[in-house]
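Novice: The structure under discussion is supplied below as structure tokens; questions concerning it will follow.
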Amino acid sequence: MSDNPQNKVKIEARDVQVFYGEAQALHGIDLDLNANEVTALIGPSGCGKSTFLRCINRMNDVIDGCRVAGTITIDGQDVYSPEIDVVELRARVGMVFQKPNPFPKSIYDNVAYGPRIHGLAQSREQLDHIVESSLKRAGLWAEVRDRLSASGTSLSGGQQQRLCIARAIAVSPDVVLMDEPCSALDPIATAVIEELMEELRKDYTIVIVTHSMQQAARISQRTAYFHLGNVVEHGATQQIFTNPKNQQTEAYISGKIG
Amino acid sequence: MEDQHIVTAFDRDLAELNRMIAQLGGMAEQQLATATRLLDARDPAPIDALIAKDKELDALEFLLNERAIEMIAIRSPMATDLRRIIAAVKIASVLERIGDYAKNIAKRSRVIIASETNRSDSISLTRMASLVQQMLNQVLDAYATSDAESAIDVWDRDQEVDQLHTSMYRDLLQMISAQSEVAEVSSHLLFIAKNIERIGDHTTSIAEQVYFLVHGSLPSDDRPKADDSSGTNLGSQKKR
Ligand SMILES: Nc1ncnc2c1ncn2[C@@H]1O[C@H](COP(=O)(O)OP(=O)(O)OP(=O)(O)O)[C@@H](O)[C@H]1O
Ligand SMILES: [Mg+2]
């Protein structure tokens, strides 16, 4: 799991501060996320991992009273500049949420929705192909191939999560943000998703929030440890999990009373 | 120890691992002390018990390995915890080897004691053995207290052991070539000296593990090598 020093910075966050009304959730995050790498965001509940993830594709815009300051650029382009088309941004920056949220539509339409609105398929065959390959990559195809017209919400929790992953990758995003994508999955489905991430990072930038230290250690090249709205330590995953420099990081990853 | 784990059973497991290392270390120390003492006193009485006791070291090392594997599987240790477990496994294997050397010293001593007509005393052997025993004692303390500095001190002191070994090696070679009737005893003494020198090396590798445990990396500079007995031959001895 070597990380390539040549991988270039894809996402650059500078002094990112987020407020929910009066309460400040992020206190000036500086973080560089490299292309072709999986970056794991770890840290105790409520430390701001999901909040930071939502800054990257402006999902915080839709939260009432949420204010974001600082800058985030993707390929040098300011995500919060007025010229940015948010719909397009969210196609480039796909997201899988903590809780699965399939549309109340058929399994097929859940996956086909994005490619349709972004005009990624010229024919029904092409669309079928995108749906099938996305479901395959998400490790769900075998379970749903005979019931593609059933409602997405009729699936089990773990299946719904894989459906959301298929939906996110169907539009071939540049960046995939995943917020605890495997928390509802069994070990087999988890392994499928981990394998998928390893494959996706050849072309994409992946940021994943996970509460499983083992998962973070297995799948990521870089890890950032969040604590109370700050990044306390950020570095090569191999270093963070074998020899963290910060005492708080050490305490957290080894389950100690800090 | 350090910070407490939220899962207290994990602390108990780690403490148990430390206790096993302490026990294994104590046994290795005792075996080495017995072996050098019986040679020094030319007293074969403790030899059989010493050889039998070696099996206990083997068994304890095996047990420690099993516990370590179990802990890795169940607790998925990270960072210092992981290093501590790996270091314990490595140190245990070194202590088991030290036990083997002590056993070998005892076996050779039996031959020496049986065949010696008059004693071929060797002051440096006693000196070497007591040095190595002190080092072993100190490095086990360094492990128990996670004291990397003290470990490095042990590491440095191995130089003296190596120097003693080199000079003993020369002396014994000369003795063998001068009086061939002592060849058998002298060559056993030669091997015993080598065993003690090896124990010194193993002790430095424990020191490295203690350093690794504390700092997460191995000590950077190569230990100065003072043992050049491998470059010694009789030809060059005679020329001098
Ligand atoms: N929609 C919201 N409205 C108000 N406060 C919020 C909102 N979302 C998050 N917060 C607050 O912001 C802080 C960071 O929350 P966030 O969800 O980013 O944490 P997290 O690291 O993702 O935690 P978890 O691991 O539990 O998912 C928390 O104090 C939380 O209460
Ligand atoms: Mg969250």
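The values are calculated or read from the model by the stated rules, or taken from the named source; none is laboratory data. All figures in this text were calculated on a predicted structure; none of them were measured in a lab. Here the Cβ positions follow ideal geometry from the backbone for every residue, glycine too, while neighbour counts run over all protein chains shown. Each accessible area value is taken on the protein alone, full model and side chains, heavy atoms only, with ligands, DNA and RNA left out. Shrake-Rupley method; radii C 1.70, N 1.55, O 1.52, S 1.80 Å.
Novice: Yes or no: region B:49-60 includes at least one residue that is over 20 Å from the mean Cα position of the chain (by Cα) and assigned to a helix (DSSP H, G or I).
Specialist: No, that holds for no residue.
Novice: Another question about this same structure. If you check B:67, B:75, which single one turns out to be away from every other protein chain (no Cβ under 11 Å) and over 15 Å from residue B:143 (Cβ atoms)?
Specialist: B:67
Novice: May I pose another question? Can you go through A:257, A:240 and tell me which one is open to solvent by 10 Å² or more (accessible area, probe 1.4 Å) and within 14 Å of chain B (Cβ to nearest Cβ)?
Specialist: A:257
Novice: Any chance you could count how many residues in region A:136-146 are open to solvent by 60 Å² or more (accessible area, probe 1.4 Å) and part of a helix (DSSP H, G or I)?
Specialist: Going through region A:136-146 one residue at a time, the tally reaches 4.
Novice: Being more than 16 Å from ligand 1 (Cβ to nearest atom), modelled with pLDDT of 95 or more, open to solvent by 70 Å² or more (accessible area, probe 1.4 Å) and out of contact with any Cys (no Cβ under 8 Å at 6 or more places or on another chain) narrows it down to one of A:149, A:133, so name that one.
Specialist: Result: A:149 is the single residue among A:149, A:133 that is more than 16 Å from ligand 1 (Cβ to nearest atom), modelled with pLDDT of 95 or more, open to solvent by 70 Å² or more (accessible area, probe 1.4 Å) and out of contact with any Cys (no Cβ under 8 Å at 6 or more places or on another chain).
Novice: Separate question: Being within 16 Å of ligand 1 (Cβ to nearest atom), within 20 Å of residue A:203 (Cα to Cα) and touching a residue at least 12 places away in the same chain (Cβ under 8 Å) is the requirement here; does residue A:38 meet it?
Specialist: It is false that residue A:38 is within 16 Å of ligand 1 (Cβ to nearest atom), within 20 Å of residue A:203 (Cα to Cα) and touching a residue at least 12 places away in the same chain (Cβ under 8 Å).
Novice: Going residue by residue through region B:53-60, is there one that turns out to be at negative phi, modelled with pLDDT of 95 or more and small (Gly, Ala, Ser)?
Specialist: yes
Novice: Can I ask one more? Here is a list of conditions, (1) touching a Phe, Trp or Tyr at 6+ places or on another chain (Cβ under 6 Å); (2) open to solvent by 10 Å² or more (accessible area, probe 1.4 Å), and residue A:249 meets all of them except one; can you say which number that is?
Specialist: Going through (1) touching a Phe, Trp or Tyr at 6+ places or on another chain (Cβ under 6 Å); (2) open to solvent by 10 Å² or more (accessible area, probe 1.4 Å) one by one, residue A:249 breaks only (2).
Novice: Follow-up. Sort through B:50, B:24, B:14 and tell me the only one that's within 14 Å of chain A (Cβ to nearest Cβ), in contact (Cβ under 8 Å) with a residue 12 or more places away in the chain and surrounded by 13 or more Cβ atoms within 10 Å (Cβ to Cβ).
Specialist: B:14
Novice: Then there is this: Return a yes/no flag: does region A:209-228 have any residue that is more than 17 Å from the chain's Cα centre (by Cα), more than 11 Å from chain B (Cβ to nearest Cβ) and over 21 Å from residue A:111 (Cβ atoms).
Specialist: Yes.
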